[in-house]
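Encoded as structure tokens, the structure appears first; notes follow it.
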Amino acid sequence: MRELSIFIDESGDFGSYSPHSPYYLVTLVFHDQSIDIAPRLQQMRASMRMRGLPDYTVHAGPLIRREDEYRNDMIPRRRSVFNSLFHFVRALDITYATVTVDKRHLPDESALPDKLSKQLSMFLLEHMELFSAFDNVIVYYDHGQIELTTILFSAFNKLLPHVTFRKVNPADYKLFQAADMICTLELLALKAANKTLSRSELAFFGSVKELQKSYLRAIQKKRIGL
């Protein structure tokens, strides 16, 4: 039986537009479960051990901005952690899609769920050939936002005949951490295009050119068009 895993993460909130949070993004990472990622995972863990880095749950946004558990870590250490996960994700046989809503163009905050639901449903319909190749689809999400959880249940159950939902603990799945990293990079791509990267983001990557050359171009080769 062929099974497709979909790991989902989001960036943004369901509140009204704010200059600090102008976008809402949902990233879906697709993995054919018949493809074993264990060798890649072992390589990544060996790389982190060699660099003296702990094998912990990576939260890409706070890592870049030096927030939360990373507030005492300097850029070289944080970049080593980021690069270890990034090269693992880049080497994986996965694809992804990101649904983006620009909140600046919405009449009010109540329009976001409807807009997001329509875009997600449209993506599923347009790529039904991908999903129909599998006997079962398993959706992994941490239920971090109730509104998104409701939208995911509605869209997937309506359009796919064989779908299972699993509430995921991020620490248990590196592919969920991959979704978090890709979602963060897609947000950075939007911010770079609109020249709104923060000072901490620019300091972490060195420059917009380096962000695009070393990270965005590489990861976006895995992106399925919307």
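Readers should treat all values here as calculations from the given coordinates under stated rules, not as data from a laboratory. All of these numbers come straight from a predicted model, not from anything done at the bench. Because the Cβ atoms are built from the backbone with ideal geometry, glycine has one as well, and the counts that use them run over all protein chains shown.
The fewest-to-most ranking of 67, 147 by surrounding Cβ atoms within 10 Å reads 67, 147.
Classify the range 127-192 from the C-alpha gyration tensor, please: rounded if a/c falls under 1.5, else prolate or oblate depending on whether a/b exceeds b/c. It comes out prolate by the Cα gyration axes. Beyond 21 Å in Cα-Cα separation lie the following of the pairs 191/213; 158/222; 118/158: 158/222. Given R0 = 41 Å, the distance between the Cβ atoms of residue 49 and residue 146 translates into a calculated FRET efficiency of 0.60. Estimated purely from DSSP H runs of n ≥ 4, each contributing -39500 (n - 2.57), the mean residue ellipticity at 222 nm for the chain is -14000 deg cm²/dmol once divided by its residues.
In a simple Cβ point-charge model (Lys, Arg +1; Asp, Glu -1; nothing else charged), the chain has a dipole of about 1040 debye relative to its Cα centre. For the range 18-68 versus the range 83-119, the inter-centroid distance based on Cα atoms is 16 Å. Only one residue of 140, 187, 14 has its Cα farthest out toward the positive end of the dipole of the chain, where Lys and Arg carry +1 and Asp and Glu -1 on Cβ, and that residue is 187. Within the same chain, aspartates and glutamates fewer than 8 places from residue 174 are excluded, and of the rest, those with a Cα less than 12 Å from its Cα are 55. Of the beta bridges in the chain, as assigned by DSSP with both residues counted there, near 60 percent are antiparallel.
The ranking of 184, 164 by Cβ neighbour count inside 10 Å, starting from the fewest, reads 164, 184. The residue list 75, 216, 91 was ranked by how far each Cα lies along the charge dipole of the chain toward its positive end, using unit charges on Cβ atoms, and 75 comes out on top. What the Cβ-Cβ distance of residue 69 and residue 164 gives, at R0 = 41 Å and to the nearest 0.05, is a FRET efficiency of 0.80.
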